[in-house]
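Worksheet: the structure to be examined is printed underneath.
The values are calculated or read from the model by the stated rules, or taken from the named source; none is laboratory data. Bear in mind that the values here come from a model prediction, so they are computed numbers and not experimental data. When we count neighbours, we look across all protein chains shown, and the Cβ atoms used for this are built from the backbone with ideal geometry, even at glycine.
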């Protein structure tokens, strides 16, 4: 069984390498719950398990060109850890299509039995 810190280190390592889907496939519980700071399709909370979390990740990667991604952490606390993300992106569609912007967020992950069972994202969608 992996400790919370070990899971966090693996997540940080994989995302630093741009291996987002591998992180989902190897570190997430089949019953993962994903919670966004704001409502996005299919909703603010995605309680439908790893398939939905993977689809959300695929959609994010398809809808953005990632020019830079700085990943910091993990910072563990009991069965949870936080990771910081600073991304420079260009939107491929939607209201920001063609616009390059910065996104800074923190994510709180909860670990049980060596797998991430919940991810919660914290960010501000306001620009300016």
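Some points to look at:
- Residues in region 69-88 that are exposed (fewer than 14 other Cβ atoms within 10 Å of the Cβ) and part of a strand (DSSP E or B): 70, 72, 77, 86.
- If the condition is being farther than 19 Å from residue 123 by Cα, in a loop (DSSP other than H, G, I, E, B) and in contact with a strand residue (DSSP E or B) (Cβ under 9 Å, 6 or more places away or on another chain), then region 11-36 contributes only 18.
- Test for residue 58: is it loosely packed, with under 14 Cβ neighbours inside 10 Å and out of contact with any helix residue (DSSP H, G or I) (no Cβ under 9 Å at 6 or more places or on another chain): no
- Listed by first and then second residue, the pairs with beta-carbon distance under 7 Å, at least 6 apart or on different chains, first residue in region 72-88 and at negative phi and at pLDDT below 95, second assigned to a strand (DSSP E or B) and surrounded by 14 or more Cβ atoms within 10 Å (Cβ to Cβ), are 87/66; 87/69; 87/103.
- Here is the figure for region 89-110: residues that are in contact (Cβ under 8 Å) with a residue 24 or more places away in the chain, surrounded by fewer than 13 Cβ atoms within 10 Å (Cβ to Cβ) and part of a strand (DSSP E or B) total 2.
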